[in-house]
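Q: Mind looking over this structure? Questions follow.
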Amino acid sequence: MNKVELREQLTALHQELPRNGLVTWTSGNISARDGDAMLIKPSGVTFEDLTPESMVRTDLHARRLEGTLSASSDAATHAYIYRHLPHVGGIVHTHSPYATAWAANAREIPCVLTAMADEFGGPIPCGGFALIGGEEIGAEVVRVLKGHRSPAIILKNHGVFTIGPSPRAALKAAVMCEDVARTVFLAHQLGNVQPLAQEHIDSLYDRYTNVYGQR
Ligand SMILES: [Zn+2]
């Protein structure tokens, strides 16, 4: 994918955030690794006003390289994650409502659905509180997700970060995270949530990771 196509793809993927009910107004952002730099949403621009040219290119210390707008206020977090997790090619951040409700309770989302075992390989972990702006959030994401099966983390009192080999994979994880956060929330209203055995979680995750889909 060339640089123009990457900007076009990143712009198109951003439209999926409001379409899937993951964001309100200008909150939420997606970034893509671009060589030894990254492309990220500009700060404070509504999703319908985003264009390929408006995406901001920064180095992996969130210093702007290309673009006239300021990068998202979460740029330092994204940059930190790319620096410390070399396999990550895309990152999504949202305050999607059900997942963030779990975050406001500082509760991990327990793995009680086969779809969760497939996609996340266990619970979606909850990281500690960190203030926006510096690298504390990125450090917490890396600390929790490094070596974890889950491509998603919820952060206490804040929201969701998801990672993937590509921005599209990270977006899928963000959509699935909100979906299971909602279903498990609803399940708790009924009051008798049944655990999934670890051996079943392991076998579901293995099948989905290695066998499912088109080869
Ligand atoms: Zn946020």
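Matching residues to (1) among the charged types (D, E, K, R); (2) crowded, with 21+ Cβ neighbours inside 10 Å; (3) more than 27 Å from R19 (Cα to Cα); (4) touching a strand residue (DSSP E or B) at 6+ places or on another chain (Cβ under 6 Å):
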| site | (1), (2), (3), (4) |
| --- | --- |
| L113 | no, no, no, no |
| F120 | no, yes, no, no |
| E140 | yes, yes, yes, yes |
| K146 | yes, no, yes, no |
| T162 | no, yes, no, yes |
| P167 | no, yes, no, yes |
| H188 | no, no, no, no |
| R207 | yes, no, yes, no |
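Q: Among the residues of region 1-30 satisfying the criterion of being outside any loop (DSSP other than H, G, I, E, B) and free of Cβ contacts under 8 Å to residues at least 24 places away in the same chain, which is farthest from the chain's Cα centre (by Cα)?
A: Of everything passing the filter in region 1-30, E5 is farthest from the chain's Cα centre (by Cα).
Q: Does region 86-96 include one or more residues that are within 16 Å of the ligand (Cβ to nearest atom) and polar (S, T, N, Q)? Can you show your working first?
A: Going through region 86-96, the residues within 16 Å of the ligand (Cβ to nearest atom) turn out to be 91-96.
So of that shortlist, the ones also polar (S, T, N, Q) come out as 94, 96.
Yes, that holds for at least one residue.
Q: Here are the criteria: (1) surrounded by 14 or more Cβ atoms within 10 Å (Cβ to Cβ); (2) within 16 Å of the ligand (Cβ to nearest atom); (3) without any contact (Cβ under 8 Å) to a residue 40 or more places away in the chain. Tell me which single one G44 does not satisfy.
A: (1)
Q: Quick check on my filter: what residues within region 43-64 are part of a strand (DSSP E or B) and in contact with an Asp or Glu (Cβ under 9 Å, 6 or more places away or on another chain)?
A: Of everything in region 43-64, those that are part of a strand (DSSP E or B) and in contact with an Asp or Glu (Cβ under 9 Å, 6 or more places away or on another chain) turn out to be V56, R57, T58, D59.
Q: All but one of (1) farther than 23 Å from I154 by Cα; (2) polar (S, T, N, Q); (3) modelled with pLDDT of 95 or more hold for N29; which doesn't?
A: (1)
Q: Then there's this: Suppose we filter A99, A75 for residues that are more than 24 Å from M176 (Cβ to Cβ), of a type in the set (A, V, I, L, M), within 16 Å of the ligand (Cβ to nearest atom) and within 14 Å of the chain's Cα centre (by Cα); which single one remains?
A: On inspection, the qualifying residue turns out to be A75.
The values are calculated or read from the model by the stated rules, or taken from the named source; none is laboratory data. Since the structure is predicted, the reported quantities are computational estimates derived from the model, not experimental observations. Neighbour counts run over all protein chains shown; Cβ positions are idealised from the backbone, glycine included.
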